Amino acid sequence: MTSTVDHVPDREGNPMSSPADQYNESLKKSQQAVLDAIEAWTKSAQNAFSVPTATLAGPQTPDQVIDQVFDFAEQMLAVQRQFAKNMTAVAASNQSKP
C-alpha cells in the first residue's frame, strides 16, 4: 500500500514539497506582515513627532501651546490605533492558518 501526500501549491502555484516548506512560507508571510506594521507605525510616529513650523516662529500664546499639545496627543493616539489594528490583523491571519 502506497501513501500519497497532497501538496499545497505555494503563491506561484508550484507544489510545496513538505510541511516544513508550508511552515516556512507561513512564517515568511507573518514576518513580512509584522515588518509592514512596524514600518507603518514608524512612518506615522515620525510624522507625529516632526517639529511644527509654528514653534520656530517665536513665543506662543497659551492657547497655541494648548492646541499644539492636544494636536500632538491626537496624532499619537491615531498612530497607536493604527499600530494596534495592524498587529491585530497579523495575529488574526496567523490564527486562521492551519
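How large is ³J(HN,Hα) for each residue in segment 33-47, as worked out from phi by the Karplus curve 6.51 cos²θ - 1.76 cosθ + 1.60 (θ = phi - 60°), to whole Hz, x for Gly and Pro?
5, 5, 4, 5, 5, 5, 5, 5, 5, 4, 5, 5, 5, 4, 5
Provide the FRET efficiency to the nearest 0.05 for the residue 46-residue 93 pair, computing r from the beta carbons and using R0 = 22 Å. Can you show the working numbers first?
Numbers: r = 26 Å, r/R0 = 1.18.
That pair, residue 46 with residue 93, gives E of 0.25.
Coordinate-derived values only; no laboratory data. Values in this document were obtained by computation on a predicted structure and should not be read as measured data. Neighbour counts run over all protein chains shown; Cβ positions are idealised from the backbone, glycine included.
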